1. List residues of region 217-258, by number, whose backbone nitrogen lies under 16 Å from a label position 7 Å along Cα→C-beta of residue 467.
2. After finding the eigenvalues of the alpha carbon gyration tensor for region 351-443, what semi-axes result from the square roots of 5 times each, listed largest first in whole Å?
3. Relative contact order for the chain: what percent, with Cα pairs under 8 Å and sequence separation of 6 or more?
4. In region 18-106, if every C-alpha pair distance is counted and binned at 5 Å from zero, what percent goes to each bin?
5. When DSSP assigns beta bridges and you keep just the ones with both residues in the chain, what percent turn out antiparallel, to the nearest 5?
6. How large are Rg and Dmax for region 149-261 when calculated on the C-alpha trace, in angstrom?
7. Just want to confirm a number: the relative contact order over region 168-234, from Cα pairs under 8 angstrom separated by 6+ residues, in percent.
8. Run a plain Debye calculation on region 269-348 (Cα atoms as equal point scatterers, no solvent) and give log10 I(q)/I(0) at q = 0.26, 0.27 Å⁻¹, rounded to two decimals, same order as the q list.
Ligand SMILES: *Cc1c(COP(=O)(O)O)cnc(C)c1O
């Protein structure tokens, strides 16, 4: 049996596990059903499944109310080990995992790792910017980089990390991969479409195993290039390609943790808050969904987007349709194809991988597909969605600074606006995910309030450091040749 929601609102439909046999240890299957069933370490290394799908666990491990209650006395790292071990045990034991996780969070600059900060009565910000690159992506990637090292050393392998970034993933991935002997990393970003702080956070890492590539195109172009490199099986095998973007299951897994720690800090299991999540690729929001599936009774989850609102439109009309990417002041969510949605799609379409394969083929052919009425009903019971305008984002940033004396970044503001707009009950506390430090988006902060964002110590000499990057056209063959020359495999 998959995990039922133990408390909070009853979920009116039930997830059928992919296999009726509850396999221990937990293994992973592709959303498209035509790739090998793998253990955790293989899922970590391959990223995208061979059939183009994404790996998901065969069932959701359950965390009981007593276990949730016991998290109250534990550190963030201890809770992280307890939750992640349930997903890794097919390959990495709890005892092996513990020092990896401890080391991953040792460099964070707040003792609570993911502290809550009160915004108003019953309203909180979950600060997820206390890692080395000041965005929530460190929370997963600091763990994932170390997991790679662990598994590759055990297998005596060298691998090539290829990733696309709309800003924050790249620097977090680079920090996770730098100076690791077993990995060469190639990170693609859309030239001129990320902030200078974001660019410098990547390009000032001059480790020889890290290559920054500025693509003359959009983030979706970068992501398409990465997908196409993975789609060429010969190239993929020759280069031993692997992904670090949020299609990698290990990242989603690591992000489940802070939903639990935040909820416990506010009184879970007896009182569980709602969450509002600034959403691009849907990895973070899906991690909240996983927390729910594991037993955390989250009453309401809001998908917060900017004008790039593919998921909001899906929730409204049941059609998943790619639109043109629009640049915004919250660039890390300027995404019109939310890759992780495929994981939810499998579930809401009754766990039938044939339907997912069919829909995704339709997406490739026509740029859109319609989900079934049942699936639409299911997703609406799970999520609310809200697209936030630039003006609303800026107004919110200014207001939060004026009323609560907190400088928030534009992504956080998107979450706050959407969370407030969709909030169903004032009696249920709400947590807005604060996914980046305001200093990463100084232009937006200045535009909103006329003042400068405080510069944290980690960024103090960023503008003095030397940059290293190469510019390439949006051309698959050129990018492949570049990787081939430098991968060192
Ligand atoms: C990546 C990112 C997001 C979006 O997260 P997804 O998992 O892609 O939905 C939101 N905010 C910030 C600051 C980010 O860097």
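Each reported figure results from applying straightforward, stated rules to the coordinates on display, with no laboratory input. In this text the structure is predicted, and so the values were computed from the model without any measurement. For neighbour counting, all protein chains shown are included, and Cβ atoms are generated from backbone atoms with ideal geometry for every residue, glycine included.
1. The answer is 217, whose backbone nitrogens lie closer than 16 Å to the label point.
2. Working: eigenvalues 239, 65, 24 Å².
Semi-axis lengths for region 351-443 are 35, 18, 11 Å.
3. Working: 1007 pairs, mean separation 95.5, N = 489.
It rounds to 20 percent for the chain.
4. Percent of pairs per bin, in order: 3, 14, 20, 20, 19, 13, 8, 3, 0.
5. On the way: 13 of 49 bridges.
About 25 percent, rounded to the nearest 5.
6. Here Rg and the maximum Cα pair distance are 14.2, 43 Å.
7. Working: 70 pairs, mean separation 24.9, N = 67.
Relative CO of region 168-234 lands at 37 percent.
8. Once normalised to I(0) and log-transformed, intensities are -1.31, -1.37.
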